[in-house]
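Below: one structure, written as structure tokens.
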Amino acid sequence: MESDPLIAPLERSWCANPDFGPHERLPKARTCSYSSTGSSGCCSLEQGAPEPPKHGETDELYVKQAVVFIEDAIQYRSIDHRVDPTSLCLYRWYYSDVCQWFLNVTICVNLALAFVEKPSSLSITSDVRYRKAPWEPPCGATESVEFVTFLIFVADVSVKSYLVGWKEFVKNKWLLSYIVALSVSVADWTVSLCFMCEEGIRIRRLLRPFFLLQNSSLMKKTLKCIKRTLPEMASVMLLLALHLCLFTMFGMLLFAHAKDSKVDMEWQRYFRNLPDSLTSLLVLLTTANNPDVMLPAYSINRAYSIFFVIFTVIGSLILMNLLTAIIYNQFRGYLMKSVQASLLRRRLGIRAAFEVLSFQRETMNQPSDQTAWVDNETFLRVLEKVKMDGYCKIAISEKVKSYSDGVISAERFQKLFDELDKDPVRQHPPQPCYESRILQVAQIIGSHRYFDYLGNIVALANLLSICVILMIDAEKPGSERDDFSLGAINCFFILYYVLEMGLKIFSLGFKRYISYPSNIYDGLLTIILLVLEVATFALYRFPHPGWRPDMEGVLSLWEMVRLVNMFIVFRFLRIIPNMKVMALVAGTLVDLVKNLRAFAGILVVVYYVFAIIGIDLFRGVLPTPGNSSIPTNRTERNKTLQCGTFEQLEYWPNNFDDFAAALVTLWDVMVVNNWQVFLDAFSRYTTPWSKLYFVSWWLVSCVIWVNLFVALILENFIHKWDRSNRPEQVEYHMTVQLMFREDLEEPTDEELLDRLHHHPHLHLSR
């Protein structure tokens, strides 16, 4: 029997006494006997104690507890929940795929109400010049849907509160905040009905993103990491503020009001007062108004450029990049701590399952010694009921069956679940066997890697030919364009792609062919190209001189050919896996998509909150330009407007008149290209204090979130680059947990056992 080096010294001086529910609880029915001569640590009944549940029921309860603990470990969930039979059934139902999907749909519906309710986004355009009055839902329509979501949220928080128990509930800030947010939302919903949906501000709209946050443990951890990173950013932010203030003072002194109108141009445009000076240099910090802000002074004296160059070097090139480096370093450290906590949850859940099963063995009067263990049969019985990926379950079962002694110690129990971190080993079907020598040669050719290289060369040649012909025909109008060359080239290459696909299917067999994702990608594009080409021939006959884009049917000839070429460009992407650096970059992008849910969720929350605030602050402030609905010469109209302003650039679709328009406006400001135009326009149409809103958005979206996103990209790419130089290692999915796995510390058995002793519902006594 393999012994556990850490459990043996503890000599199993404690045991599990599960909470059997309010009517089946045995608060004083069991005590743990301990003997230094090798007692099993099994609990015995006191005299006069109530009878415990029947043996079969108790045995089934232990199995259910182990199953739930393992599922908690797989999902990195906390195990501090009720473990009586009724609660376990409710717990598994709550975390079932159907229930969680239903809850996620409810959250999405609650968030999506902002697009429909007043002010509605149901209009074709957001341009104030051409927008017609959108359809507004009647009072009570969206409110009824919202009330249904509230009822579901009430049920959700009720189930969560019951499962964790009262003691854990009062310590859980998220659950308490959940109840507060629901209470405020319901109260605000009642006020809306009382005012017949005509109230000015709806507080509950600002609280909707909270329901998304509280439902994602990964988003909570990411938000916690961001909160802890903010103090580390404060020093650099303070330096940025000091840098901005000092150069603002220098600029106001350097470009003071003068008598000469030429010299005074810089003062008039950018340094007229303190708010304008601060805004000008703040925008220059993002390089959005460079070199515009410098040109009036630079045209007078080239020495003025030194001021702006020094400001940009210190602010944009040094301090902003230093801020990125600090965010990367600090966020990585805090994210590692969060991932370390997730690892502890997994190890704790697995260890809890082991302790429950090992105690079950002791209660069945099986021979025992100082070391706790679980037999193979019991473990396989539990594993069969656990919800997990099929390939992991098969791999774990095979490992268990390989233990000839039939014993699983605590150490073995933990190592069995290392399979959760591994990719499934893809087993490709065998190739077909051909007896003919000619067919064997064709099979060798079709399955050889050089045949793939030839396909890549052909795809590159196809792309180059398309580029050359498009450059030749770029300036030709449709009536003079001859698509004969392009059509003939496409016909030739598509014929090759079809033959290539057929030869590969013949060589590999259909099942083996579709077992490779790259082949599925190539095959689908080839079929699409073939269908489009056949449709082109059916409508316009075969390519011939004078093959011009006349209109016949749904699409013109040029549109059909252009559609074919677009899919050919997509097919060229097949070369990516064959180039190491490109494949590494593409793999990083794919991994980002997998792991971006937490970051994207937080960005959705930030966008949602700022959009609602923007609607409340700036809805309807942009006036409708006079006579703008009448088509006029744009050049003539712009002559009367100052160059570079909101009106001259015709930024009218960027407004906060509805939720969809607000999201797009926030995106345009987040990109920071010409964001000074928004600062100027909304400060003119409302109040100069409106700049605080846009500056706050820039700080949250660009300075904080974008830098965090850059940190995630850097960490992901560096990790993949390091792993690419160690091909002998097994490749894993690049999850957030696995990204830092090599730097994490495994929790000790003493730490796991101590936490199990403090479980609020699984009573452990020494």
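The values are calculated or read from the model by the stated rules, or taken from the named source; none is laboratory data. All values reported here derive from a predicted model rather than from experimental measurement. Using ideal geometry, Cβ is built from the backbone for each residue, glycine included, and neighbour counts are taken over all protein chains shown. Heads up: the accessible areas ignore ligands, DNA and RNA and are worked out on the full protein's heavy atoms, side chains in. Shrake-Rupley method; radii C 1.70, N 1.55, O 1.52, S 1.80 Å.
Just a few scattered comments:
- Full extension of the chain between Leu223 and Leu122 yields a length gain of 33.1 nm, computed as 0.36 nm times the residue separation minus the alpha carbon distance.
- The range 373-448 - percent relative contact order, Cα under 8 Å, separation 6 or more: 32
- Peptides ranked, highest mean first, by Cβ atoms within 10 Å: ranges 113-121, 235-243: 113-121, 235-243
- Length-normalised contact order of the range 173-246 in % [C-alpha pairs under 8 Å, at least 6 apart]: 25
- Computed over the range 153-265, the ratio Rg/Rh where both radii use C-alpha atoms and Rh is Kirkwood: 1.30
- For the range 368-452, the Rg and Dmax computed from alpha carbons only, in angstrom: 21.4, 69
- Phi to ³J(HN,Hα) by Karplus 6.51 cos²θ - 1.76 cosθ + 1.60 over the range 656-673, Hz, x for Gly, Pro: 10, 7, 8, 5, 5, 5, 5, 4, 5, 4, 5, 5, 4, 6, 4, 5, 6, 7
- Derived value for the range 264-333: Kirkwood hydrodynamic radius 13.2 Å. Basis is the mean of 1/r over every pair of different alpha-carbon atoms.
- Each of Met566, Met233, Met336 has its accessible area taken with a 1.4 Å probe; listed largest first, they run Met566, Met336, Met233.
- Using only the C-alpha atoms, the convex hull of the range 73-130 corresponds to 147 Å³ per residue.
- Once the Cα gyration tensor of the range 387-435 is diagonalised, semi-axes √(5λ) in Å: 30, 14, 8
- Estimated inter-spin distance, Lys167 and Ile318, nm [label 7 Å along Cα→Cβ]: 5.6
- Cβ-Cβ distance of Tyr516 and Val458, R₀ of 30 Å, FRET efficiency by 1/(1 + (r/R0)^6): the value works out to about 0.95.
- Our coupling estimate for the range 229-243, obtained by passing each phi through the Karplus curve with A = 6.51, B = -1.76, C = 1.60 and θ = phi - 60°, is 7, 4, x, 5, 7, 4, 5, 5, 4, 5, 4, 4, 5, 5, 4 Hz, Gly and Pro reported as x.
- For the range 435-542, the Kirkwood estimate of hydrodynamic radius, built from reciprocal distances between every pair of different alpha carbons, is 15.7 Å.
- Taking the square roots of 5 times each eigenvalue of the Cα gyration tensor of the range 85-191, largest first, gives ellipsoid semi-axes of 36, 16, 11 Å.
- Projecting label points 7 angstrom from Cα along Cα→Cβ for Leu495 and Glu232 puts them 6.2 nm apart.
- Distance between the range 77-128 and the range 488-526 - C-alpha centres, whole angstrom: 42
- Average Cα contact separation per residue, the range 259-355, under 8 Å, 6 or more apart, as relative contact order %: 20
- Solvent-accessible surface of the range 294-352, taken per residue with a 1.4 Å probe and all protein chains present: 44 Å².
- Built amide H within the under 5 Å cut-off of His763, gap 5+: Asn17, Asp19
- Of the trypsin sites (Lys or Arg not before Pro) found in the range 240-296, those that fall in a DSSP loop while having at most 16 other beta-carbon atoms within 10 Å are Lys259, Lys262, Arg272.
- Derived scalar couplings between HN and Hα for the range 604-616 equal 4, 4, 5, 4, 4, 5, 5, 5, 5, 5, x, 5, 5 Hz in order, rounded to whole Hz, by the Karplus curve 6.51 cos²θ - 1.76 cosθ + 1.60 (θ = phi - 60°), x for Gly and Pro.
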